[in-house]
Every structure is written in structure tokens, then in C-alpha cells.
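*Asks:* Take a look at this one; I'll ask things after.
The values are calculated or read from the model by the stated rules, or taken from the named source; none is laboratory data. Small disclaimer: the values here were computed from a predicted structure and weren't measured. Using ideal geometry, Cβ is built from the backbone for each residue, glycine included, and neighbour counts are taken over all protein chains shown. Only protein heavy atoms, including side chains, enter the accessible area calculation; ligands, DNA and RNA are left aside. Shrake-Rupley method; radii C 1.70, N 1.55, O 1.52, S 1.80 Å.
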Amino acid sequence: MVSVQSSGAQPPSVPSTRDRRVSLRVGAIAESATLKVDNKAKSLRAEGRPVIGYGAGEPDFPTPPYIVEAAVAACREPANHRYTAVGGLPDLKRAIAEKTERDSGLTVTHDRILVTNGGKQAIYAAFATMLDPGDEVIVPAPYWTTYPEAIHLAGGTTVPVVADETQDYKVTVEQLEAARTDRTKVLLFVSPSNPTGAVYTSEEIRSIGEWIEAHDLWVLTDEIYEHLVYDGVKTGSLPVLCPELVDRCVVVNGVAKTYAMTGWRVGWMIGPADLVKAATNLQSHATSNVSNVAQRAAIAALRGDLTAVEAMRDTFDRRRRTIVSMLNEIDGVVCPMPEGAFYAYPSVKGLLARHHNGRTFDSSAELAEYVLDEVEVAVVPGEAFGTPGYFRFSYALGDDDLVEGITRLQRLFARQSGT
Ligand SMILES: Cc1ncc(COP(=O)(O)O)c(C=O)c1O
């Protein structure tokens with residue numbers, strides 16, 4: 001029998017255990033702001049409104065046919081109708097090891113790989129496995145919305161370090177050092193970055209690696225956009241550039257962005273064997289194996305060549321130049337040229353300082369709502385990424401829509417200039 005003792009008067013904002021329908025831990029999770037914007041744009045479009053959405057973080061291309069065919073064949077194979085190894089099909093682990101060696105030069109054994117339901121689950125599993133309550137994770141901001149939520153759920157504390165457009169959205173070692181405390185355990189590192197598209201050079205990665213090594217920290221490096229780098233930037237994989245970190249480094253990756261496979265839900269983490277074993281135990285109770293059909297599709301993707309991603313990269317590169325130059329034509333908007341991923345992250349602080357149709361806006365969140373109401377353009381406000389005063393535009397949408405949406409913004413803000 002469990003005896004329940006009264007803990008005395010509760011503060012009004014925290015209901016007593018019995019009245020609490022949702023736990024404090026999960027109740028504190030915010031809805032994904034990026035998915036919220038995307039869903040709102042989709043539902044307005046379904047009502048017949050000509051909304052142009054820059055919210056979606058996914059390629060607008062179909063998955064290449066040879067990958068789809070592999071999945072169709074996998075559906076007919078009874079072995080795929082059964083539970084399989086929690087940590088991933090041996091064939092997929094082999095393909096991940098080969099791909100990792102080919103693309104980043106990192107050699108990995110199978111006991112260092114865990115196949116997950118997308119990169120998102122790998123991030124969640126990695127933080128859940130690395131952190132104890134009170135551990136701090138330094139997270140460069142602007143940050144992708146999922147990181148702080150995953151850290152918080154694991155009992156950790158997010159310590160944001162802001163790098164704005166004046167430093168191309170890249171943190172320096174000095175800034176990281178200023179944020180370090182005795183409780184710092186992990187640095188979150190992502191390059192190319194969502195939401196800014198920033199890409200760290202090999203030299204920058206090496207100096208950050210030296211700092212991690214000097215202070216015995218761990219690092220989670222998110223390489224999901226590894227193939228979407230423009231302008232020939234010389235970059236690389238953190239554990240390859242800093243091999244001394246291999247035993248305290250977790251790499252997150254997946255097929256979503258490279259092969260236009262966001263809906264298939266296949267990602268993975270690569271890390272030290274003891275950590276991967278613990279994360280696999282967690283997964284054995286949470287989700288078991290990733291769908292075998294999706295894993296078979298991922299094997300086909302990884303074993304194929306990179307033609308599809310090269311074609312996507314050319315298209316994204318063209319759209320990147322168009323969107324950045326059109327955004328910079330708007331008085332009050334400052335948009336650095338992103339070097340990777342498929343996002344532009346302009347400052348809109350100049351627009352917040354002005355009147356629009358006689359109104360002013362206190363935040364980029366309010367301004368984003370205004371833009372949606374006035375000209376039916378959906379963007380994600382910087383508040384979602386820990387930096388108010390910015391908009392995130394995904395340029396993974398058709399060229400005509402891309403131009404049409406930014407033209408609407410140009411007209412909206414030109415019309416109101418000085419009023
Ligand atoms: C930086 C970053 N990491 C990881 C992911 C996870 O991708 P998925 O869970 O679709 O594999 C995303 C998706 O938007 C992302 O932007």
C-alpha cells in the first residue's frame with residue numbers, strides 16, 4: 001500500500017498531485033513552433049486561402065524512386081513483419097558505417113551505432129543517456145527548438161550562448177568559456193545549423209574541439225545537414241577533426257534531409273559503446289526497433305550514390321541566393337548569406353522599430369502573426385529559436401512560391417515605410 005501524506009498548502013500555480021492531470025515535466029513542453037506554423041499554413045490553405053509557407057523544415061522533393069522500390073519489396077518480405085534487433089538491422093548498421101567512413105572519414109564499429117526513429121529520437125536518447133539532474137548543456141543560440149526540450153526532459157539545464165548576425169551566427173571559444181561552470185557536461189554543436197544555415201570552418205571546429213578536450217566535456221554534434229553546404233566551404237566532422245574526443249562525442253545523423261525522407265523516420269546516433277548500449281536499453285522499452293520497411297529503404301538510400309542530394313543542393317543554392325537578395329531589399333531586414341542547410345535567418349529588428357499601418361509590434365512573434373494576417377505568408381518567429389527579433393524562412397519550397405511570398409513582404413513593408 002502506498003500512503004499519501006499531505007504536503008501542506010501548495011502554491012496556487014502548482015496543483016496538488018491528485019489534481020494534476022499532466023505531469024509537470026511533460027506539461028512544460030511547448031508545442032514545436034516550427035510544426036505549429038507549418039500546420040497553421042496547411043490548414044489555412046485547406047480553407048482555400050493562398051498562404052505561402054516558409055515554415056517546413058523538409059525538402060519539397062519526393063523520395064528518389066529506387067528507395068521507394070526497396071521499401072515496396074521489403075513490405076512483401078515476411079521477415080520484415082516481425083520484431084527485429086532493437087538497435088537496428090545489421091545490414092543498416094553496416095551501411096551506416098560505410099556511409100560514415102565515405103562521407104566524413106570516421107571509422108565506426110556496429111556496437112557504436114543505434115538506429116532511431118529519426119534524428120529527433122537520437123537527440124532525445126542521447127541527452128537522456130548522458131545527463132543527470134542539474135547537468136548543464138551549452139547550446140549556441142539561435143538553436144533548433146527541440147534541443148532545449150530534450151535537455152529539459154532529461155533533467156538537464158540549457159545554457160544558451162547567443163551568436164547573432166554580426167558574428168555570422170557562430171559562437172566563439174571565448175563565449176563558450178564564459179558560459180562554462182562546474183556543472184557543464186555537454187556542448188551541443190550543429191553545423192550546418194538549423195535555423196541559421198551557419199557552417200563552421202575546419203579551423204573553427206578544431207578550436208572548439210580543443211576547448212571541449214581541455215575541460216573534459218562531452219559533445220553532441222548534429223550532422224543532419226552535412227551534405228547541404230554551399231560556396232565550397234571547407235568544413236568537416238567534429239570527431240574526425242578532433243579524434244581525441246571520440247570517447248566523449250555523440251554524432252546524430254539520419255536520412256531525412258539528404259534523401260528527402262522526412263516521413264520515413266530513420267536516424268541514428270554514433271557514440272561510445274557504453275553510452276550506445278545504455279541508449280539501446282532505453283529504446284528497448286520505449287519503441288523497440290524502427291520500422292523494418294523504413295530501415296530497408298534507408299539501406300537503399302545509403303548504398304546508393306549522392307546524385308539526388310547533389311541535384312537538391314543545386315536547387316537549394318539557387319533559391320538561397322534569390323531569397324537572401326530579395327530579403328535584403330526590404331528596408332529594416334538584414335539577412336546574412338547562409339552557407340548551409342535550407343534556411344535563411346534575417347534580423348527583422350529594423351521592422352520592429354517602425355509603425356505598420358499605424359501599429360507597432362513588440363516582438364517578432366507578433367510581427368509574424370501580422371504578416372500572416374495581412375499577406376498570407378507564414379514564417380517562424382525568432383522566439384522559437386531563443387532569439388527574438390528574427391524570422392526563419394525555410395527555402396525548401398517551389399521557386400515561384402518563394403518569389404511570390406517575398407514579393408508580398410516587399411510590398412507590405414514598402415507600402416508602410418515611414419508611416
Ligand atoms: C538540426 C536538426 N537536427 C535533427 C533533425 C531531425 O530530423 P529527423 O528527426 O526528421 O531525422 C532536424 C529536423 O528538422 C534538424 O533540423
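*Asks:* Go through A46, A30, A41, A56 for me and flag whichever is surrounded by fewer than 10 Cβ atoms within 10 Å (Cβ to Cβ) and not basic (K, R).
*Replies:* A46
*Asks:* Here's something else I'd like to know. Considering A278, A297, which residue is surrounded by fewer than 24 Cβ atoms within 10 Å (Cβ to Cβ), away from the ligand (no atom under 11 Å from the Cβ), part of a helix (DSSP H, G or I) and of a type outside the set (D, E)?
*Replies:* Being surrounded by fewer than 24 Cβ atoms within 10 Å (Cβ to Cβ), away from the ligand (no atom under 11 Å from the Cβ), part of a helix (DSSP H, G or I) and of a type outside the set (D, E) holds for just one of A278, A297, which is A278.
*Asks:* Among E329, E383, which is within 26 Å of S32 (Cα to Cα) and open to solvent by 10 Å² or more (accessible area, probe 1.4 Å)?
*Replies:* Exactly one of E329, E383 is within 26 Å of S32 (Cα to Cα) and open to solvent by 10 Å² or more (accessible area, probe 1.4 Å), namely E383.
*Asks:* Another one. Name the residues in the stretch 113-137 that are under 20 Å from K185 (Cβ atoms) and either surrounded by fewer than 23 Cβ atoms within 10 Å (Cβ to Cβ) or not hydrophobic (A, V, I, L, M, F, W, C) (or both), would you?
*Replies:* Result: Y124, A128, T129, M130, L131, D132, P133, G134, D135, E136.
*Asks:* Same structure, new question: Pick from T109, T63: which is crowded, with 16+ Cβ neighbours inside 10 Å and polar (S, T, N, Q)?
*Replies:* Sole residue among the options that is crowded, with 16+ Cβ neighbours inside 10 Å and polar (S, T, N, Q): T63.
*Asks:* Of all residues in the stretch 283-294, which are part of a helix (DSSP H, G or I), closer than 13 Å to N117 by Cα and open to solvent by 20 Å² or more (accessible area, probe 1.4 Å)?
*Replies:* Scanning the stretch 283-294 gives S284, A286, V293.
Condition check ((1) surrounded by fewer than 19 Cβ atoms within 10 Å (Cβ to Cβ); (2) away from the ligand (no atom under 16 Å from the Cβ); (3) within 13 Å of the chain's Cα centre (by Cα)) across all residues:
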| residue | (1), (2), (3) |
| --- | --- |
| V199 | no, no, no |
| G232 | yes, yes, no |
| D247 | yes, yes, no |
| V252 | no, no, yes |
| M261 | no, no, no |
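*Asks:* Being within 15 Å of the ligand (Cβ to nearest atom) and open to solvent by less than 30 Å² (accessible area, probe 1.4 Å) is the filter here; which residues of the stretch 147-159 pass it?
*Replies:* Correct list: Y147, P148, A150, I151.
*Asks:* Restricting the stretch 101-137 to residues that are of a type in the set (V, I, T) and within 16 Å of the ligand (Cβ to nearest atom), which is farthest from A298 (Cα to Cα)?
*Replies:* Here the answer is V137.
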